[in-house]
Amino acid sequence: MQGSIELYGALTGNCIRAAIALDEADVPYTVKRINLAAGEQRSEQHRVLNAFGKVPVLVEYRNGGNFVLTQSNAIMLFAAERSKNKLLPADPVERAKVYERFFYFLTDVIAVSHGAFRLEQTGATAQASHIHELASAALIEAEQFLESTAFMAGDAFSLADIAAFTIARALSGNIQWPDHPALMRWFQAVGQRPAVVKGLKAFE
């Protein structure tokens, strides 16, 4: 049985992706902001929800027990399954393409960028810069997905576009946008979607 939903998070790419997915899927939720600088994610209260002390966390309050998700990608898939095929097509072939592109951005761009962030935290700035360049190059290569379609996995907006947009936004300073007109057109169009605008502001 479905119940009310709370989304705990902050202004991070993972949290924003989760919020955008819920908004695009028309899944109502209440934002619970976590102050990362103050260490609220490591508090005893938060660790009851996520023992690893991280965000985002989705909690759905149900009769008979609450349902908790602690991974942004799981939250996105949770939203997609409730989106009435808005984020995941019903056709198995089209759905497989969405998964293919979704995981491309997760593994080849987002995960690589996260690796660079970890290096920066250790003071390895030169290595981090190189890894950021690899992530940016993988993002730019994805322009080929847009050669004949409006969105990353076809003519309909999908989970792949949410994953791609948030990391493109983070890496935007590394991209010579005029040299990539299809990517720029897609980026501008996605950024104007009402649910994307709302999700971007969820944790402000």
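Each value in this text was obtained by applying a stated rule to the coordinates, not by laboratory testing. None of the values given here were measured: they were computed from a predicted structure. Neighbour counts run over all protein chains shown; Cβ positions are idealised from the backbone, glycine included.
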- Message: What distance in nm separates the two pseudo spin-label positions at Arg185 and Ser4, each 7 Å out from Cα along the beta-carbon direction?
- Response: 4.5 nm
- Task: With only Lys, Arg, Asp and Glu charged, each at its Cβ (+1 for the first two, -1 for the last two), find how big the charge dipole of the stretch 1-146 is about the Cα centre; round to the nearest 20 debye.
- Result: 460 debye
- Note on the structure: Note: the stretch 1-49 at 20 °C, 1.002 mPa s; Kirkwood Rh on alpha carbon pairs; Stokes-Einstein D in µm²/s works out to 181 µm²/s
- Message: Between the stretch 113-182 and the stretch 82-98, how far is it from one alpha carbon centroid to the other, in angstrom?
- Response: 23 Å
- Task: Identify all aspartates and glutamates with a Cα-Cα distance to Lys84 below 19 Å; exclude those on the same chain that are fewer than 8 residues away in sequence.
- Result: Asp23, Glu24, Asp26, Glu60, Glu94, Asp155, Asp161
- Item | Convex hull of the stretch 104-166 built on C-alpha atoms - directionally averaged projected area, nm² | 4.0 nm²
- Query: Rounded to a whole number of µm²/s, how large is the Stokes-Einstein D of the stretch 23-75 at 37 °C and 0.692 mPa s, given Rh as the Kirkwood radius over C-alpha pairs?
  - Reply: 270 µm²/s
- Note on the structure: So the pair-distance distribution of the stretch 136-201, from every Cα-Cα distance in 5 Å bins, comes to percents of 3, 17, 33, 27, 15, 4, 0
- Phi angles of the stretch 119-129, converted by Karplus (6.51 cos²θ - 1.76 cosθ + 1.60, θ = phi - 60°) into ³J(HN,Hα) in whole Hz with x for Gly and Pro, give 5, 4, 5, 8, x, 8, 5, 5, 5, 4, 4
- Please name which of Val57, Gln45, Gly123 has its Cα lying farthest along the dipole of the chain towards the positive end, using unit charges on Cβ (Lys, Arg +1; Asp, Glu -1) and the Cα centre as origin. Gln45
